[in-house]
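Here's the structure we're looking at; comments come further down.
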Amino acid sequence: MSDDLYVGFDLSTQQIKVIAINSKLEPILQAYVEFDVDTPEYKTHKGVYTNPELNEVFAPVAMWIKAFDILLGKMQAAGLNFANVRSISGAGQQHGSVFWSAEAERLLASLNPDFPLEPQLSPKAFSHDMSPNWQDHSTADECDYLEQKVGGAEILAHITGSKTHHRFTGPQILRVRHRHPSRYEDTARISLVSSFFASLLLGAIAPLDVSDVCGMNLWDIPNEKFDEEIIQLVAGGGEDEKTELLHKLGKVEPDGGKNLGPINDYYVKRYGFSKDCTITPITGDNPATILALPLRPLDVIVSLGTSTTLLVSTPVYKTSPSYHMFSHPTSKGLYMGMLCYCNGSLAREKVRDEINAVKPSSHASDVWASFNEAALSVPPLGTTARGQKKLGIYFPLPEIVPDCKAGTWRFISDGNGLHEARNEWDIPLADARAILESQNLSMRLRAGPLLSSTGQPRRVYVVGGGSRNPAICQVTGEVLGPSEGVYRLELSNACALGSAYKALWAVQRKVIKEGVYESFEDFLSERWDEKTMINSVDVGYRSGVWEKYGAALAAFNEAEKFAANS
Ligand SMILES: Nc1ncnc2c1ncn2[C@@H]1O[C@H](COP(=O)(O)OP(=O)(O)O)[C@@H](O)[C@H]1O
Ligand SMILES: O=C(CO)[C@@H](O)[C@H](O)COP(=O)(O)O
């Protein structure tokens, strides 16, 4: 029992990562495979391919399988005793879909342990070799069509938790059906990245996850079923086509702690996993992230990965076209509220590189040193002695909120209103603070309805790659102003960690009565030790500063509208 291990994987945009923990929540092993570096033959850039002419972003499914083969090899080389693994769960980048061929079930069920996975599955198990990525913006027509037919953004948001979004799976499936009718026709099953990953482990197509399914624009959250009208619109044709699409999508597993079955024999024979190791549903990376911390009301997670997301856990199903609601990954009656931005770490890296080009870092080992110095050497909003404030918008990729094309805009806000900056801006140095403020002001502008009447959070937890940066943590504290400060989760991969906790809970949760289990929240709170897991990285609320940013919100809103309409 004491040697038992619980594993959480994370198949995200740029990497596949893993954390194994013991039943005391202690991490035993962490490892990762980076697509651009470790699977160079696929020639992806930051894990994806882009076709800017059509606003397409997609990733090769075979690369993920190859990367998983490599990761299992790394775990083995690190000495992980696979025989001790009791349960596996995981997380996948959200919205991406995998199109399985009619051969898939047979190939998955007959994996030969003498060979790696990738050549046994690719290309035959797939009707489409690419997975549309969450950064894709090619489905404007499909989104307009669905929104107009269903009755507008508010109605769609009420039914599915979100208005239509380019990256959501429903519009993406509709586009595949329009552009590649024969591939759609040849598709036997459609998985999300999360259920695709669970399928690899089970050796059979896994059901969709209760939370990740809410990122499709197809699932009726209040009534816990696929919305027949939207399914019909995506399927086209009549009743037969609708039934066929419902069959392709398959079942949704309502219990996030369900034992989906034992790990496939392939892994038992090839790596020495126990036959009793169970597979627990794999969810989306954001739903898994909220499982890494015992969130209380008014707590916020800011996930600083390739995307930036703001996450809250709430008992209130209150929808809006400006944010997303998802069913909670483990707890019926709770929901995850989310804001998501495409322009997260890659936009910050672009400014960082521009700054390094004019002012190389004095610390060779820290590529962020010049950026951080520039960000922290000026006052909030870069305010000048004459009271001029700087507001910038940095979207190297088209953005989700606001719905805006790619571009960079710089504004000056003063007593005379807002105007585009001319020579008042020291480019690129002044961009460092401006991009961090801009990303946080956007979250503050939109997160209000998910929080208290004042919009002030209690705690902000920062997670993901960007949370290692002290300047990012400080500006987040200044702009969002959490009353109890900003804390960083010390284990670098929150979603893999949340997934490992889920695998542990699935096996060890107490039965309260038949079919009713100990909640994930109670289970985690009992075991979680704040002192070892998080560190305070910023004081948060600063009197006068939070108010100053509050007063700039109207001008920032105007700046965003200008960018979106230009
Ligand atoms: N010290 C740092 N300061 C700012 N950003 C960082 C730092 N370290 C890593 N990052 C950013 O973290 C990103 C990767 O974060 P991660 O959470 O692993 O992303 P994902 O899960 O989307 O693959 C990289 O794009 C990198 O820019
Ligand atoms: O699209 C979303 C959420 O709606 C993204 O958050 C993806 O889920 C990708 O996440 P990362 O790779 O940045 O972790």
TODO: May I ask you to list pairs of residues, at least six apart or on different chains, whose Cβ atoms are under 9 Å apart, with the first in the range 140-153 being within 15 Å of MET216 (Cα to Cα) and the second being aromatic (Phe, Trp, Tyr)?
DONE: CYS143/PHE168
Open item on the list: Cβ-Cβ under 9 Å, sequence separation 6+ or interchain: first residue in the range 34-56 and closer than 20 Å to HIS165 by Cβ, partner away from ligand 2 (no atom under 14 Å from the Cβ) and aromatic (Phe, Trp, Tyr). Which pairs?
Closed with: GLU56/TYR49
Task: Only listed residue being touching a Gly at 6+ places or on another chain (Cβ under 9 Å), closer than 29 Å to SER519 by Cα and away from ligand 1 (no atom under 11 Å from the Cβ), chosen from LEU298, LEU311 - done: LEU311
- [ ] Assess whether SER138 counts as being under 25 Å from SER12 (Cβ atoms), in contact with a strand residue (DSSP E or B) (Cβ under 6 Å, 6 or more places away or on another chain), assigned to a helix (DSSP H, G or I) and at pLDDT 95 or above.
- [x] no
- [ ] Tell me, yes or no, whether the range 69-88 has at least one residue that is among the acidic types (Asp, Glu) and touching an Asp or Glu at 6+ places or on another chain (Cβ under 6 Å).
- [x] yes
- [ ] With the checklist (1) of a type in the set (A, V, I, L, M, F, W, C); (2) assigned to a strand (DSSP E or B); (3) within 16 Å of ligand 2 (Cβ to nearest atom) in hand, flag the one item ALA347 doesn't pass.
- [x] (2)
Open item on the list: Checking GLY256 against (1) assigned to a loop (DSSP other than H, G, I, E, B); (2) surrounded by fewer than 24 Cβ atoms within 10 Å (Cβ to Cβ): exactly one of these is not met. Which one?
Closed with: (2)
Task: Test: residue in the range 113-128 that is closer than 16 Å to PHE58 by Cβ and open to solvent by less than 10 Å² (accessible area, probe 1.4 Å) - done: no
Task: Candidates LEU429, LEU391, LEU436 - the one that is outside any loop (DSSP other than H, G, I, E, B) and over 21 Å from the mean Cα position of the chain (by Cα) - done: LEU391
- [ ] Can you tell me which residue within the range 536-566, out of those that are in contact with a strand residue (DSSP E or B) (Cβ under 9 Å, 6 or more places away or on another chain) and of a type in the set (Phe, Trp, Tyr), is farthest from PRO379 (Cα to Cα)?
- [x] PHE562
Task: Odd one out for SER362 among (1) within 12 Å of ligand 1 (Cβ to nearest atom); (2) surrounded by fewer than 18 Cβ atoms within 10 Å (Cβ to Cβ); (3) hydroxyl-bearing (Ser, Thr, Tyr) - done: (1)
- [ ] State the number of residues belonging to the range 1-26 that are in a strand (DSSP E or B) and away from ligand 1 (no atom under 16 Å from the Cβ).
- [x] 6
Open item on the list: Quick check on the range 344-355. Is at least one of its residues over 15 Å from the mean Cα position of the chain (by Cα), open to solvent by 10 Å² or more (accessible area, probe 1.4 Å) and away from ligand 1 (no atom under 16 Å from the Cβ)?
Closed with: no
Task: Matching entry among ASP3, ASP10 (being under 23 Å from ASN259 (Cα atoms), open to solvent by 60 Å² or more (accessible area, probe 1.4 Å) and not basic (Lys, Arg)) - done: ASP3
TODO: Go through (1) assigned to a loop (DSSP other than H, G, I, E, B); (2) modelled with pLDDT under 95 one by one and return the number of the condition SER313 breaks.
DONE: (1)
Open item on the list: Consider the range 445-492. How many of its residues are assigned to a loop (DSSP other than H, G, I, E, B) and open to solvent by 10 Å² or more (accessible area, probe 1.4 Å)?
Closed with: 15
Open item on the list: Among (1) modelled with pLDDT under 95; (2) open to solvent by less than 40 Å² (accessible area, probe 1.4 Å); (3) over 19 Å from ARG542 (Cβ atoms); (4) not hydroxyl-bearing (Ser, Thr, Tyr), there is one condition ALA430 misses while meeting the rest; what is its number?
Closed with: (1)
Open item on the list: Given the options GLY382, GLY333, GLY415, name the one that is in contact with a strand residue (DSSP E or B) (Cβ under 6 Å, 6 or more places away or on another chain) and either open to solvent by less than 10 Å² (accessible area, probe 1.4 Å) or touching a residue at least 12 places away in the same chain (Cβ under 8 Å) (or both).
Closed with: GLY382
TODO: Answer yes if at least one residue in the range 213-223 is touching a residue at least 40 places away in the same chain (Cβ under 8 Å), in contact with a strand residue (DSSP E or B) (Cβ under 7 Å, 6 or more places away or on another chain) and either within 16 Å of ligand 1 (Cβ to nearest atom) or outside the structural domain of SER97 (by TED's automatic domain parsing) (or both), and no otherwise.
DONE: yes
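Take the residues in the range 89-112 that are of a type outside the set (S, T, N, Q) and assigned to a loop (DSSP other than H, G, I, E, B); name whichever of them is nearest to ligand 2 (Cβ to nearest atom).
HIS95
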TODO: Find all pairs meeting these conditions: Cβ atoms under 6 angstrom apart; at least six residues apart or on different chains; first residue within the range 12-26 and within 15 Å of LEU491 (Cβ to Cβ); second residue among the charged types (D, E, K, R) and more than 15 Å from ligand 2 (Cβ to nearest atom).
DONE: LEU25/ARG527
TODO: Sort out which residues of the range 141-191 are among the charged types (D, E, K, R) and either open to solvent by 80 Å² or more (accessible area, probe 1.4 Å) or assigned to a loop (DSSP other than H, G, I, E, B) (or both), and write them in order of number.
DONE: ASP141, ASP144, LYS149, GLU154, LYS163, ARG167, ARG179, ARG183, GLU185, ASP186
Open item on the list: Just to be sure I understand, how many residues within the range 493-523 are open to solvent by less than 40 Å² (accessible area, probe 1.4 Å) and either of a type in the set (Phe, Trp, Tyr) or part of a strand (DSSP E or B) (or both)?
Closed with: 4
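Evaluate the range 366-379: report whether one residue or more is within 18 Å of the chain's Cα centre (by Cα) and open to solvent by 20 Å² or more (accessible area, probe 1.4 Å).
No: the range 366-379 contains no residue that is within 18 Å of the chain's Cα centre (by Cα) and open to solvent by 20 Å² or more (accessible area, probe 1.4 Å).
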Task: Qualifying positions in the range 275-292 - more than 16 Å from ligand 2 (Cβ to nearest atom) and either open to solvent by less than 30 Å² (accessible area, probe 1.4 Å) or touching a Gly at 6+ places or on another chain (Cβ under 7 Å) (or both) - done: CYS277, THR278, ILE279, THR280, PRO281
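The values are calculated or read from the model by the stated rules, or taken from the named source; none is laboratory data. Only a predicted model underlies this, so the values are computations on that prediction, with no experimental measurement involved. Don't worry about glycine lacking a Cβ; one is built from the backbone with ideal geometry, like all the others, and counts go over all protein chains shown. To get the accessible areas, we keep the full protein, side chains included, count just its heavy atoms, and leave off ligands, DNA and RNA. Shrake-Rupley method; radii C 1.70, N 1.55, O 1.52, S 1.80 Å.
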